[in-house]
Amino acid sequence: MRRAIKIPRILKINWINGFAISVVYNNGESRIIDFHKVFNGIGLKEDSPGWILTNSDEFAKAEVDNNTLSWSNVEQYITKRDGTKLRVPYEIGADVLLKYSKPEKSELMLKIGKVIKESRLKSGLTQQELALRSGTTRNYISRIENEHSDIELGTLRKIIETGLGKRIDIQIR
């Protein structure tokens, strides 16, 4: 049986600030890409069409196209088999961008970890006891409380309702 190859894909740009871009990957994770590191890592040279992106105004024109970051403002061409030239946008693969990124901690994740820890302590439970009650591991509870892991909604519900015996309410504003 063939293994499914998981290819990272970028779904959305959250924000652009200087030469950093926050994106959402197809696994739901928001990550910050440091393009100073990307440009150094890919060996971007002054004679490359992509050099224009070292100008912050040009860099800020990034878009998501074909599930990666793309700049249509870069003059770049490929030669087709018949010898004609075709203008194409400048792209860097999502897998390369993932390599030069780091997780972005959301305010929501910071709050969830804090709420779980406070509720656990008020209930007089250790991380191990909460993990046993909710069907997870002590290590996972620790990672959530210390903002080192994202949490799926089903797991959050299990920890809050089964492990802590509390009710969970979710609002979208």
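Values in this text are rule-based calculations from the coordinates and carry no lab data. What you see is a predicted model, and the numbers here were worked out from it, not measured in a lab. So basically every Cβ, Gly included, is an ideal-geometry build from the backbone, and we count neighbours across all protein chains shown.
Filter the cross-link list 12/45; 12/158; 111/158; 12/102; 102/158; 6/99 down to pairs whose alpha-carbon distance in this structure exceeds 19 Å. With Cα atoms farther than 19 Å apart: 12/45; 12/158; 102/158. Rg/Rh, computed from the Cα trace of region 41-130 with Rh as the Kirkwood radius, has the value 1.31.
By how many nm would the segment from residue 84 to residue 173 lengthen if fully extended, with 0.36 nm per residue of separation less the alpha-carbon distance? Numbers along the way, then the final one.
Numbers: separation 89, 0.36 × 89 = 32.04 nm, distance 5.16 nm.
Between residue 84 and residue 173, full extension yields 26.9 nm more.
At full extension, residue 129 and residue 57 could sit 20.6 nm farther apart than now, given 0.36 nm per residue minus the alpha carbon distance. Think of the chain as having a plus end and a minus end, set by charges on the Cβ of Lys, Arg, Asp and Glu; of 8, 112, 92, 112 sits farthest toward the positive end of this dipole.
Applying 0.36 nm per residue to the separation of residue 65 and residue 15 and subtracting their alpha-carbon distance, the gain on full extension is 16.4 nm.
Could you please tell me the mean projected area of the C-alpha convex hull for region 107-163, averaged over all directions and given in square nanometres to one decimal? Let's see the in-between values first.
On the way: hull surface 12.9 nm².
About 3.2 nm², averaged over all directions.
Output the Kirkwood hydrodynamic radius of the chain, Cα pairs only, in Å rounded to one decimal.
By the Kirkwood definition, the hydrodynamic radius is 19.1 Å.
Its Cα centre serving as origin, the chain has a Cβ charge dipole (Lys and Arg +1, Asp and Glu -1) of approximately 860 debye.
Loop-located GluC sites (Glu not before Pro) across region 63-147 with a Cβ neighbour count of 15 or fewer within 10 Å are 75, with loop assigned by DSSP.
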